[in-house]
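Contents: one structure, followed by commentary.
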């Protein structure tokens, strides 16, 4: 008789296999997981799902390593998926941090082949699109927490600094979310005239600007403060409001407005 863990592992894989990628642009489905292997209990759910509970509920309640395991079973054998899930969580911490990690950092782990890394980055790309689309028709000033979460997911693990501008209309709804420039590990060039020119092209009446610190520390430098003031002065000339400048780091987010710097 199969063990409880083996039975539950098989049920988890069957449920996830039912939702394998398919669609107009995909000719084939991802491979179905191989038969369960010994030594998987610590990577399988510790709680039996309630009778009648749907697949969505099952996956919502999985822990970080369990969710990665269920995902990786689509492109790795059971034992390999278990090892990769454990190593990824140990290296990066959470499911969100894993999928946001750069491709080269993911594949640096010996248990994660390129195909598995590609699948994780595909999930990350889908999450970013969902996050951005959910902000499209909202008044961003009333959804600061959601905006911060989106910027954290988008920028916190970038290996180089990037300068991003969210252009808003008269209702403070998002017109465009654009990366205006990329730099190196501790610097990015910011051109206020470029930002204002683009705002005028989009008929934007307000801005939220953001950049990331790859070091993880979101505290602004004096140069960050000076450049922010330049942007605010240039924007004021055209009656464009700068609502905030957010500095994104893995250790948190710094708001110029909350700090009284705007």
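Structure data summary
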read-out	value
Residue that is nearest to residue 189 (Cα to Cα) [pool: residues in the stretch 204-215 that are without any contact (Cβ under 8 Å) to a residue 40 or more places away in the chain and surrounded by fewer than 21 Cβ atoms within 10 Å (Cβ to Cβ)]	215
Wholly within the stretch 58-168, helices (runs of 4 or more DSSP H) carrying at least 1 residues that are in contact with a helix residue (DSSP H, G or I) (Cβ under 7 Å, 6 or more places away or on another chain) and over 30 Å from residue 193 (Cα atoms)	64-72, 78-92, 95-100, 103-107, 114-135
Only listed residue being assigned to a helix (DSSP H, G or I) and over 16 Å from residue 177 (Cα atoms), chosen from 259, 199, 236, 219	236
Tabulated pairs, the stretch 147-158, first in the same structural domain as residue 121 (by TED's automatic domain parsing) and modelled with pLDDT under 90, second in a helix (DSSP H, G or I) and buried (at least 21 other Cβ atoms within 10 Å of the Cβ), C-beta under 6 angstrom, 6+ apart or interchain	none
Qualifying residue in the stretch 47-62 (condition: surrounded by 15 or more Cβ atoms within 10 Å (Cβ to Cβ), modelled with pLDDT under 90 and under 30 Å from residue 167 (Cα atoms))	no
Residue match in the stretch 233-250 (condition: touching a strand residue (DSSP E or B) at 6+ places or on another chain (Cβ under 8 Å), in contact (Cβ under 8 Å) with a residue 40 or more places away in the chain and surrounded by fewer than 20 Cβ atoms within 10 Å (Cβ to Cβ))	yes
Residue check for residue 174: in contact with a strand residue (DSSP E or B) (Cβ under 9 Å, 6 or more places away or on another chain), part of a loop (DSSP other than H, G, I, E, B) and closer than 21 Å to residue 146 by Cβ	no
Evaluation of residue 100 against (1) at pLDDT below 90; (2) surrounded by fewer than 16 Cβ atoms within 10 Å (Cβ to Cβ) (one fails), failing number	(2)
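The values are calculated or read from the model by the stated rules, or taken from the named source; none is laboratory data. Since this is a predicted model, take the numbers as computed values, not measurements. Counting neighbours? That spans all protein chains shown, and the Cβs are built from the backbone with ideal geometry, glycine included.
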